[in-house]
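The values are calculated or read from the model by the stated rules, or taken from the named source; none is laboratory data. Predicted, not measured: the structure shown is a model, and the values here were computed from it. Ideal geometry is used to build each Cβ from the backbone, glycine not excepted, and the neighbour counts take in all protein chains shown.
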Amino acid sequence: MKQIIYFIVFLFLSASVFAQKNKSDKEARASKNSISQKEFQKLLDSSNTFYDNGNYTESLNLNIKILNIAFKSGNNYFIHQGYRYIAYDYLFLNDTVLAMDSFKKAENYAKLSKNDTATALTYMDLANVYSTNQDYKKAYTYFNRSINLFEKIKDSAGLAKAHYNIVLAALGNEDYDIVYKHIIQAKKYNKNSDDASFTINLENFLGEYYINKKEYEKADQSFLKVIKEAKKKNLNVELENAYYLYSESLYQQKRYQEAYDNFKIYDDYSDINSGIYTSPERFSLTQKFQLDEYRKDIHAAELNNQLQAEIVKSKSRINIILIIVSAVFLILLIALYSASIRRIKLVKELRIKNTEALKAKEESEKLSKAKVKFFSTVSHELRTPLYGVIGLSSVLLEDKSLVKHKKDLKFLKFSADYLLALINDVLQINKIDSNSFENELTSFNLRELIETITSSFEYMRIQNDNKITINISDSIPEIIHGNSVQLSQILMNLIGNACKFTESGNVYVTAEQLSKDPSKATIKFTIKDTGIGIAKDKQESVFDEFSQIDSLNYNSNGSGLGLPIVKKLLALSNSEITLESELGKGSTFSFILTFDVVNSENKNKPSKKLDATLLKDKKILIVEDNRINQIVTKKILEKHQIICSIAENGEEAISKVKAANYDLILMDINMPIKNGLEASKEIRKFNTTIPIIALTAVEIEEVRNNIYLSGMNDIVVKPYNIAKFIDALIKNISFAGKKY
């Protein structure tokens, strides 16, 4: 019995020693990683200097180090400061999501540190983010919280900064009464400050306030005072701002020569300062990758900090268990110890897996954003010049004096159309992959649709000496309801492939009804050709993106996107493509789709043919910055005896609409000085009846809502079908006079 008691006492003492050792180790680590408040403040001051001087690269590098040092120190207040400074770097990069996340973390650590100053600063930081996002209601709420807390702790410097930041937000929101109130408060609390820049900027804000109130004499006094003091202190940025606002005040007073002279001085300071600051865009390009790497370091440090805390909790728990269990059974003690070892191992494994999963997620999101941005740029940058090529070639084909060049012009237009089709294929794949494909349902005549599609391959059919045969079952209803655009894209890709890979042969397009349901039409489509065929071992890979059909006897290259698009489009309708083919003996592609049947009494009446003579002598304003596109659009319109005027940007368009009467406006979206959306909003303020059509090469899905919200009535995507373009003009001019 004594031996058992001695053994239990031994275990108890061992556990106590073990606990004391853990405590000593923890204190030793804290001592090793400790940094004094003074040393930490020096790092923060250096970061501030870099940031204020526009050296954001050095600011970012130092802020990452500061946050890592803070984590190692285990000081919650230091961690709060580290997150604050990192957040402002994110804010400079216009990444308000990450900025908000970092400020929230800063707020959490401020509360853990039980430091009212830190909490008040965090409220001010959050207010700045909301102000950046133009959510001024929330911004003012957090500014007031910050001011209340600074007043509670009687922090004059903090109050000065809070009132200063409210002034910036109010200027952005044009709340000039709020501006004046908080300038006075900021000056009151900044009396004993040595920060000349802070004081001078407040005077600049006051001058800006007086300009808004048209109290120009007071405004000029403020700016001259700023200029005098800023010159003494060599504050070039403040001088730049002061001269700019001073020239604005003089201009509004119609003192044009003085305004011009001061604007020149502003321009000189702007040149001087241009080398100091790095633009967010340039900084983003040069630092984005590095910042991503730093984020990983920060996240690793956070995980390590959490893991260390968890390990400390775990060890404390084990110590308590050891003391209790040692009085009962030695076997249970060993079992618990083994469980602890396994748990630590599991935590490490989970940490590794979580890190890998997070890394994979970040890479995936980065690639997805890059892909969307790339395709959006491709759409606009390639469609714009293609509009010029296709448009001019179409116009020249109708010029009787160029008959001897007709063949060359047809080749030119065919090549441009082919390139446009390739671009559309790439964009189509991107839409499907990003789940942005629209399922638009309409009623349509299947026979007319197939005949229209096959006729579009007439040039290729003649070029390859092929014959196209259409066979549509009589049992198929005349009018069906479904996604005609999706069906058109599938058939165009399959018929296009059949025509491309067949020479001196036949292409068969067949549609047969499989069911006799009066409300549903299940139709099997078959596209068969007598072309080169596909080898058995290649039949699966042809549905992979960018794959090619190989043949020793055929020298045609393509994008390899047609069949993958077909497969993905059919998958959206829970259908699939089937292929039967033999090398040298042609291919047969088939698929099945179900459509709603439109009853005879619900069939749409044939649309009335639009009268193109309505366009004669109509005045249309073309708003377009690209000279070639101006020429193309003007030539197309003048063929219909339309009187055209040109505006090269939105600002010029507004002036012309005010000065003259137009029957319609063709508005480009992306233009310098003022874009099409801004211009349309301005025009709608004084003219609510003139039709405005967006004539643009951008991806419509990205801006459709913005286009209609700006006051535009219709959209035509460049390059366009000329006949459909003219129909759009007639339709919109016919409804002219209606208030939009």
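What do you reckon, is I480 more than 43 Å from the chain's Cα centre (by Cα) and either under 19 Å from F591 (Cβ atoms) or at pLDDT below 90 (or both)? I'd like the intermediate steps shown before the answer.
Details: more than 43 Å from the chain's Cα centre (by Cα): no; either under 19 Å from F591 (Cβ atoms) or at pLDDT below 90 (or both): yes.
So I480 does not fit the description; no.
With the structure loaded, tell me whether L583 is modelled with pLDDT of 85 or more and of a type outside the set (F, W, Y) or whether it fails that test.
yes
For region 83-93, the criterion of being touching a helix residue (DSSP H, G or I) at 6+ places or on another chain (Cβ under 9 Å), touching a residue at least 12 places away in the same chain (Cβ under 8 Å), buried (at least 19 other Cβ atoms within 10 Å of the Cβ) and of a type in the set (K, R) is met by at least one residue. Out of all the residues in region 154-171, is one or more farther than 29 Å from K111 by Cβ and in contact with a helix residue (DSSP H, G or I) (Cβ under 9 Å, 6 or more places away or on another chain)? Yes, that holds for at least one residue. Applying the criterion of being basic (K, R) and under 17 Å from F205 (Cα atoms) to the residues of region 151-190, the residue that is surrounded by the most Cβ atoms within 10 Å (Cβ to Cβ) is K161.
Every condition in (1) at pLDDT 90 or above; (2) within 14 Å of S590 (Cβ to Cβ) holds for I490 except the one numbered (1).
Residues checked against (1) assigned to a strand (DSSP E or B); (2) within 30 Å of N599 (Cα to Cα):
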residue: D465; (1), (2): no, no
residue: N471; (1), (2): yes, yes
residue: V485; (1), (2): no, yes
residue: A511; (1), (2): yes, yes
residue: F525; (1), (2): yes, yes
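What residue, of K605, K618, K639, is at pLDDT below 90, over 38 Å from the mean Cα position of the chain (by Cα) and in the same structural domain as N687 (by TED's automatic domain parsing)? One residue alone meets the criteria, K639. Could you say whether any residue in region 77-100 is modelled with pLDDT of 80 or more and more than 28 Å from S131 (Cα to Cα)? No, region 77-100 contains no residue that is modelled with pLDDT of 80 or more and more than 28 Å from S131 (Cα to Cα). Yes or no: I184 among the hydrophobic types (A, V, I, L, M, F, W, C) and touching an Asp or Glu at 6+ places or on another chain (Cβ under 6 Å)? Against the criterion (among the hydrophobic types (A, V, I, L, M, F, W, C) and touching an Asp or Glu at 6+ places or on another chain (Cβ under 6 Å)), I184 does not qualify. Out of everything in region 211-237 that is under 38 Å from the mean Cα position of the chain (by Cα) and assigned to a helix (DSSP H, G or I), what residue ends up being surrounded by the fewest Cβ atoms within 10 Å (Cβ to Cβ)? Across region 211-237, the extreme among qualifying residues is N212.
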